[in-house]
Amino acid sequence: MTNLFDTLQRLITSFVASDIMVAKEHIVSGENEEKALHLLNEKPQYDVIPLRKEGRLVAFIERGSVKSKSIQIRDAVSAGTPIMDLIGTFCDRKHLFVLGQCEIVGLIHFSDLNDPVVKLPYFLLFEGMERKIADSIRQLVDKHSLRQIITDPKRLSIIEEKMSALQSRQADRDLVTLLHFREILESARYFGKLQLDPMQIEDLSCVRNRVAHAASDELVESHQEVSRLHRVRRICTNFLFESGGA
């Protein structure tokens, strides 16, 4: 039988750069520097305007510059590059060109990380991480330890009342099934199953909440937030795959 975590890893890498790029035919571009600079002034929402020559994208001008730069290898990624592998690259840059069929076929701006497709590999990461962590603490969380972990009396009361109701209907399993994602992380930290500091737990919880809301919540509201996506990706992949998924 295929290992669940091997399947997750395969699915996560199936979402690639071409899934979120703006295709060449839809990119706002100029035929020369003068036209590109005019477009930058006219369209404040853009950080970069590519230059085209004979139908090909060959250079670009970034906001704040007056000279164009030719598109180099360091400015581009393959169309088949997994989205998860792009996240770290966007920490120190705002755009990447996409290379396919021996030419530039698209452009990705960091704001394209808000494309719904990007939430899918993150959803899979969180699904795998939550499942693995929950399994590691399922036999450890009881009423006594829960009171040490959950410090909000109101929240603790809700969990205990729901468990009592489930028990009365013989529909209960264990307390872990009633915990929120952050509470599962904090429980694992309490039992020494997960070495995370409070800031890492905050990052994981914040991104997970944004991933869970399909109709709202942007993954990144500014370029600075790309770094948080990268940190969360590293925590999840290290825990799931480098520490062993079985």
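The values are calculated or read from the model by the stated rules, or taken from the named source; none is laboratory data. Keep in mind it's a predicted model, so treat the numbers as computed, not measured. Note: ideal-geometry Cβ built from the backbone for every residue, glycine included; neighbour counts use all protein chains shown. Keep in mind that these areas ignore ligands, DNA and RNA; they rest on the heavy atoms of the full protein, side chains included. Shrake-Rupley method; radii C 1.70, N 1.55, O 1.52, S 1.80 Å.
If DNA, RNA and ligands are ignored and the probe is 1.4 Å, what is the ranking of HIS95, HIS109, HIS26 by accessible area, most exposed first?
Details: HIS95 10, HIS109 35, HIS26 135 Å².
Largest to smallest exposure gives the sequence HIS26, HIS109, HIS95.
For region 18-62, just the Cα set please: Rg and Dmax, both in angstrom.
Answer for region 18-62, Rg first and Dmax second: 10.4, 31 Å.
Which value does Rg/Rh take for region 1-138 over its C-alpha atoms, Rh per Kirkwood?
Working: Rg = 18.3 Å, Rh = 16.6 Å.
Value, to two decimals: 1.11.
Pairs of Cα atoms under 8 Å, at least six residues apart: use those to get the relative contact order of the chain, whole percent. Mind showing how you got there, number by number?
Details: 308 pairs, mean separation 53.5, N = 246.
Here the relative contact order equals 22 percent.
Which trypsin sites (Lys or Arg not before Pro) does region 113-164 hold that lie in a coil by DSSP with at most 16 other beta carbons within 10 Å?
Working: sites: LYS119, ARG131, LYS132, ARG138, LYS143, ARG147, LYS154, ARG155, LYS162; in loops: ARG138.
Listed in order of number, the matching sites are ARG138.
Among SER168, TYR46, TYR122, whose Cα projects farthest towards the positive end of the dipole of the chain, with charges put on the beta-carbon of Lys, Arg (+1) and Asp, Glu (-1)?
Result: SER168, furthest along the dipole toward the positive end.
Can you give the angle from 0 to 90° between the axis of helix 33-42 and the longest principal axis of the chain, with both taken from C-alpha atoms, to the nearest 10?
For helix 33-42, the angle is close to 50 degrees.
In region 1-78, which trypsin sites (Lys or Arg not before Pro) are in a loop and have at most 10 other Cβ atoms within 10 Å, using DSSP for the loop call?
Numbers: sites: ARG10, LYS24, LYS35, ARG52, LYS53, ARG56, ARG63, LYS67, LYS69, ARG74; in loops: ARG63, LYS67.
Here the sparse-neighbourhood loop sites are LYS67.
Given the C-alpha centroids of region 58-78 and region 4-23, what is the distance between them in whole angstrom?
Distance between centres, Cα-based: 26 Å.
Can you give the angle from 0 to 90° between the axis of helix 198-212 and the longest principal axis of the chain, with both taken from C-alpha atoms, to the nearest 10?
70 degrees
What do you get for the angle between helix 181-190 and the principal long axis of the chain? Use alpha-carbon atoms, 0 to 90 degrees, nearest ten.
Result, in degrees: 60.
Under a point-charge model restricted to the Cβ atoms of Lys and Arg (+1) and Asp and Glu (-1), what is the dipole moment magnitude of the chain relative to its Cα centre, in debye to the nearest 20?
Working: 33 positive and 35 negative charges, 68 e Å.
For the chain, the charge dipole is close to 320 debye.
If you filter region 21-121 for GluC sites (Glu not before Pro), then keep DSSP loop positions with at most 12 other Cβ within 10 Å, what is left? Provide the component values of the computation, followed by the final result.
Details: sites: GLU25, GLU31, GLU33, GLU34, GLU42, GLU54, GLU62, GLU103; in loops: GLU31, GLU54.
Loop-located and lightly packed - GLU31, GLU54.
At a 1.4 Å probe radius, which order do SER168, SER70 fall into by accessible area, largest first? Please report the intermediate quantities before stating the final value.
On the way: SER168 95, SER70 60 Å².
I get SER168, SER70, largest accessible area first.
Student exercise: in the chain, how many lysine pairs 8 or more apart or on different chains have Cα atoms under 21 Å apart?
23
With only Lys, Arg, Asp and Glu charged, each at its Cβ (+1 for the first two, -1 for the last two), find how big the charge dipole of region 63-143 is about the Cα centre; round to the nearest 20 debye.
That gives a dipole near 300 debye.
State the label only: which of [x] 22.8, 75; [y] 17.1, 53; [z] 20.7, 65 corresponds to Rg and Dmax of the Cα atoms in Å computed from the shown model?
Evaluating Rg and Dmax of the Cα atoms in Å on these atoms matches [x].
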